[in-house]
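The values are calculated or read from the model by the stated rules, or taken from the named source; none is laboratory data. Here the structure is a predicted model, which is why all the values come from computation and not from measurement. Every residue, glycine among them, receives a Cβ derived from its backbone with ideal geometry; neighbour counts consider all protein chains shown.
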Amino acid sequence: MTDLGHVKTLEELEALASSCTGCVLSESRTTVVFASGTQQARVMVVGEGPGQQEDEQGVPFVGRSGQLLMSLLSEAGIERDDVYIANVVKCRPPRNRDPRQDEIDACKPYLRRQIELVDPRVVVTLGNFSSKLLMPTTLGITRIRGQAYEWWGRHLVPTFHPAAALRGGESVTNDIRSDVALVRSLLDGRLASSTEDAAVGRDGGVENPEDEQLDLFGATPL
Ligand code: URA
């Protein structure tokens, strides 16, 4: 499956995802964790993949990382209902291992269509997996975070994954907090994205503009 452009609603897309057997993660999942939030959300958050609690409940970011994320968003006046939350992979990788490239590839069409249908003003990517999937850069999250990028007519704000803040303490938490404040400013129209395109990255960070990561959203401008 490569293109889900014919799917007209999030409900239809979720129904398709719920019976997906496109990769090996479908064999060990309890539930497909499609997303939370509504089509009206102006902010879309993209995480990595469901953990144990998410797999059991079918809802993204309900565990400790999620609680931290929600409290940081709430501090900035952004509540769970205002945010559409999805993951790079919709099924839990066993023992919370990193998702593999073939699993990410199998799940990409769902994420792509979610972004098209929700049409958020700001996309927030959490950690390296989602940031590198959407931004074709070789630079790590530490280098690319801290600013907003113009991305297919919307803003992209890469930040640390909240799990990194749970491990890394106050300074990582404060970095996420400041990135969330950026999101707030973008929503309020108090800030523009960097004129630099996300496809260019910083410091000439793109390895190869023809690379796989550009393919995700390169084929059909949103
Ligand atoms: N971590 C993620 O990346 N996504 C979730 O849904 C939960 C934890």
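Things to note:
- Answer residue from segment 23-56, given it is near the ligand (Cβ under 10 Å from one of its atoms) and polar (S, T, N, Q) and is surrounded by the most Cβ atoms within 10 Å (Cβ to Cβ) among those: Ser36
- Verdict on Leu69 being within 15 Å of the ligand (Cβ to nearest atom), touching a residue at least 60 places away in the same chain (Cβ under 8 Å), touching a helix residue (DSSP H, G or I) at 6+ places or on another chain (Cβ under 7 Å) and at negative phi: yes
- Within segment 121-167, strands (runs of 3 or more DSSP E) holding 2 or more residues that are at pLDDT 95 or above: 122-126, 154-159
- Close pairs from segment 177-194: first more than 17 Å from Leu126 (Cα to Cα) and in contact (Cβ under 8 Å) with a residue 12 or more places away in the chain, partner crowded, with 20+ Cβ neighbours inside 10 Å and aromatic (Phe, Trp, Tyr), Cβ under 7 Å, at least 6 apart: Ser193/Tyr149; Ser194/Tyr149
- Candidates Ile104, Ile85 - the one that is without any contact (Cβ under 8 Å) to a residue 40 or more places away in the chain and within 21 Å of Ser18 (Cα to Cα): Ile104
- Selected residue (only one of Leu4, Leu25, Leu13 is in contact (Cβ under 8 Å) with a residue 24 or more places away in the chain, of a type in the set (A, V, I, L, M, F, W, C) and touching a Cys at 6+ places or on another chain (Cβ under 6 Å)): Leu25
- Val172, sole failed condition from (1) buried (at least 18 other Cβ atoms within 10 Å of the Cβ); (2) without any contact (Cβ under 8 Å) to a residue 40 or more places away in the chain; (3) farther than 17 Å from Met70 by Cβ: (3)
- Filter result for Ser74 (more than 9 Å from the ligand (Cβ to nearest atom), small (Gly, Ala, Ser) and either farther than 16 Å from Leu4 by Cβ or surrounded by fewer than 20 Cβ atoms within 10 Å (Cβ to Cβ) (or both)): yes
- Candidates Gly189, Gly201, Gly218 - the one that is over 15 Å from the mean Cα position of the chain (by Cα), modelled with pLDDT under 95 and buried (at least 19 other Cβ atoms within 10 Å of the Cβ): Gly201
- Looking only at residues in segment 77-102 that are in contact with a helix residue (DSSP H, G or I) (Cβ under 7 Å, 6 or more places away or on another chain) and not in a loop (DSSP other than H, G, I, E, B), the one that is farthest from the ligand (Cβ to nearest atom) is Pro94.
- If the condition is being of a type in the set (Ser, Thr, Tyr) and touching a residue at least 40 places away in the same chain (Cβ under 8 Å), then segment 138-169 contributes Thr138, Tyr149.
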